[in-house]
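The values are calculated or read from the model by the stated rules, or taken from the named source; none is laboratory data. Here the structure is a predicted model, which means the values were calculated and not measured. Glycine gets a Cβ as well: all are built from the backbone with ideal geometry, and neighbour counts include every protein chain shown.
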Amino acid sequence: MVEKQVKLDIFTEKSSHFLISAKKPRKQHQCPFCSYATINKTHFRNHVLTHTGERPFLCGICSRGFTQKISLQKHLLARHGKPLQAAPHM
Ligand SMILES: [Zn+2]
Ligand SMILES: [Zn+2]
């Protein structure tokens, strides 16, 4: 019975959030290259980078460039077996 109550609460919260965001006129960032659109500026920038080919995140070990920090993190772990560090020890 307790579980049911919690699920109902989450559902109500989600619905009210949807109503609030639907009321407000949101500024969408439309990708000029495809149909992708988002209100999140960071997400939008990351997405456009995938089209322009800019790779601001460089691997300090093999100099490979990545469009997103998460991709570099994944690369470091998969290729070099170490997590991304703010100040690489060299
Ligand atoms: Zn796009
Ligand atoms: Zn690398």
Inset, instruction - Answer yes or no: is there a residue in the stretch 68-78 that is within 15 Å of ligand 2 (Cβ to nearest atom), among the basic types (Lys, Arg), modelled with pLDDT of 95 or more and exposed (fewer than 13 other Cβ atoms within 10 Å of the Cβ). - result: no
Legend entry - Counted residues, the stretch 47-78 - those being in contact with a strand residue (DSSP E or B) (Cβ under 8 Å, 6 or more places away or on another chain) and assigned to a helix (DSSP H, G or I): 5
Inset, instruction - Note down all Cβ pairs under 7 Å where the first residue falls in the stretch 39-58 and is within 16 Å of ligand 2 (Cβ to nearest atom), the second is of a type in the set (Val, Ile, Thr) and not in a helix (DSSP H, G or I), and they're at least six residues apart or on different chains. - result: Arg55/Thr67
Inset, instruction - State yes or no: is Phe44 modelled with pLDDT of 85 or more, aromatic (Phe, Trp, Tyr) and not in a helix (DSSP H, G or I)? - result: no
Inset, instruction - Could you tell me whether any residue of the stretch 16-35 is exposed (fewer than 10 other Cβ atoms within 10 Å of the Cβ), modelled with pLDDT under 70 and in a loop (DSSP other than H, G, I, E, B)? - result: yes
